[in-house]
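Everything below concerns the one structure shown next.
The values are calculated or read from the model by the stated rules, or taken from the named source; none is laboratory data. Here the structure is a predicted model, which is why all the values come from computation and not from measurement. Glycine also receives a Cβ, built like all others from the backbone with ideal geometry; neighbour counts cover every protein chain displayed.
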């Protein structure tokens, strides 16, 4: 089959070879993926993004080469068969060229449509978000897989529906790709607090306020850092909503997003850890109450310059899918599940070995192994080595799932605003220092959010009826000190 003489040039030939090889590789990878159910994040990156781009580049080189050849022939006054842009279908060469072009264009459009869809689908996948830039996204990907939202794809929360946010996410992704290639990305990766889509457009697609449920029970099991790993249990009735479902959002924790109530606040830091100014607007009654922190009030000019934020789900549930658990938390969980055997002083030793930061994961694993092996060999030689090995494995698993030295990512840099023990969370506002001009305070009463139904050790515990509660008893006798300070004053740093 003969083609125009202008086609026979090195540039067009190179473009043809480039496009042809790319097409064959795309077809091969697609067959490999579907026929053998094989593939990886990197194969998808090549199959649906890189190779199609190379193929299009090759196709563009063909007409560019032909154009350069024609211009060179005209400049050098070299005769060319026919005239440029004169198509004579009586000439078999033009018919052949037109047939190849039309058929090739149709095939290319079909392949591009399929490839574009696959590329779109692939770039929206958890695999793409979490594993392509493995080192950078490893902390977020691992903690996501261990979260309660592990079956919710990344884009459902980070992008949501609609082309507008899709385009925004891809544009921001371009800079992220550059940062990875240039190796100038921050460590740890900062939480995108100001660029997250509003919770009403993401969270409430599943968790809509009209279907919040009434109170739920929470059973917690802790172990003290003593030689016996003394178990301390506490059962709570969490007042997430009204006592009866018919009174939806009239009381309880989720009252904060009651449609008839509007809570606004001004934070004094970018992480929203310190909230010295709170305004509560009763939309139904038209009342407004302003609370200011009597210990650290904002200056009038600071208030004027600030834009109050309307409170939504993300102000408390700020780590819904990337939970970096504290050592005390994941060690308690591992002892309860049996991943760490309840051998003498295992909780205290784990807290000690996990207290300080490590430069690399390998260093941490080596220290954990050596510390446990030496301690039990010296102090408790009768403890079977199989139990010590299980303890080491359990501590290492907890470390690898929650602490990532290479990226500087851990619980310490990603505060969780749910609760008030390790991070101030609720106590950012409910700390008895936020007061209105009339003397009203945002309550610090524990029973406002939950009641304690049972607390104590398995051998000695206190219980209360379901709709009543117990006064909190600290597991370690510190008298009334827990009433006079915040939980984080100790728990945030000492792992009690």
Of those in the range 132-155 that are assigned to a helix (DSSP H, G or I) and surrounded by fewer than 16 Cβ atoms within 10 Å (Cβ to Cβ), the residue modelled with the highest pLDDT is 145
Of the listed residues (420, 430), the one being touching a helix residue (DSSP H, G or I) at 6+ places or on another chain (Cβ under 6 Å) and under 30 Å from residue 193 (Cβ atoms) is 420
Practice problem: Determine whether residue 281 is in contact with a helix residue (DSSP H, G or I) (Cβ under 6 Å, 6 or more places away or on another chain) and over 19 Å from residue 193 (Cα atoms). | Solution: no
Those residues of the range 157-186 that are surrounded by fewer than 15 Cβ atoms within 10 Å (Cβ to Cβ) and in a loop (DSSP other than H, G, I, E, B) come to a total of 5
Check your understanding: Does residue 113 qualify as being modelled with pLDDT of 75 or more and either out of contact with any helix residue (DSSP H, G or I) (no Cβ under 8 Å at 6 or more places or on another chain) or assigned to a helix (DSSP H, G or I) (or both)?
Key -> no
If you go through 172, 215, the only one that is touching a strand residue (DSSP E or B) at 6+ places or on another chain (Cβ under 6 Å) and either within 26 Å of residue 272 (Cα to Cα) or modelled with pLDDT under 85 (or both) is 215
Of (1) touching a residue at least 40 places away in the same chain (Cβ under 8 Å); (2) in the same structural domain as residue 231 (by TED's automatic domain parsing), residue 348 satisfies every one except (2)
Next item on the list: May I ask you to verify whether residue 359 is assigned to a loop (DSSP other than H, G, I, E, B) and loosely packed, with under 15 Cβ neighbours inside 10 Å?
Entry: yes
Original post:
Quick check: anything in the range 464-476 on the phi > 0 side of the Ramachandran plot and either at pLDDT 85 or above or in the same structural domain as residue 289 (by TED's automatic domain parsing) (or both)?
Top reply: no
Take residue 43 and tell me if it is at pLDDT below 80, within 27 Å of residue 122 (Cα to Cα) and crowded, with 18+ Cβ neighbours inside 10 Å. no
Reported set for the range 368-385 where residues are within 25 Å of residue 403 (Cα to Cα) and surrounded by fewer than 11 Cβ atoms within 10 Å (Cβ to Cβ) is 374
If we keep only residues of the range 338-356 that are under 27 Å from the mean Cα position of the chain (by Cα) and surrounded by fewer than 12 Cβ atoms within 10 Å (Cβ to Cβ), then the residue nearest to residue 328 (Cα to Cα) is 355
Flagged in the range 259-271 as touching a residue at least 40 places away in the same chain (Cβ under 8 Å) and in a loop (DSSP other than H, G, I, E, B), in numbering order, are 259, 267, 270, 271
Only one of (1) assigned to a loop (DSSP other than H, G, I, E, B); (2) closer than 26 Å to residue 188 by Cβ; (3) modelled with pLDDT of 90 or more does not apply to residue 382, and that is (2)
Among (1) touching a helix residue (DSSP H, G or I) at 6+ places or on another chain (Cβ under 9 Å); (2) surrounded by fewer than 16 Cβ atoms within 10 Å (Cβ to Cβ), residue 468 falls short only on (1)
Taking the range 198-226 and keeping residues under 24 Å from residue 350 (Cβ atoms) and surrounded by 12 or more Cβ atoms within 10 Å (Cβ to Cβ) leaves 218, 220, 221, 222, 223, 224, 225, 226
For the range 221-257 the number of residues that are in a loop (DSSP other than H, G, I, E, B), in contact (Cβ under 8 Å) with a residue 12 or more places away in the chain and closer than 24 Å to residue 208 by Cα is 10
Among residues of the range 301-328 being under 18 Å from the mean Cα position of the chain (by Cα) and in a helix (DSSP H, G or I), the residue farthest from residue 282 (Cα to Cα) is 314
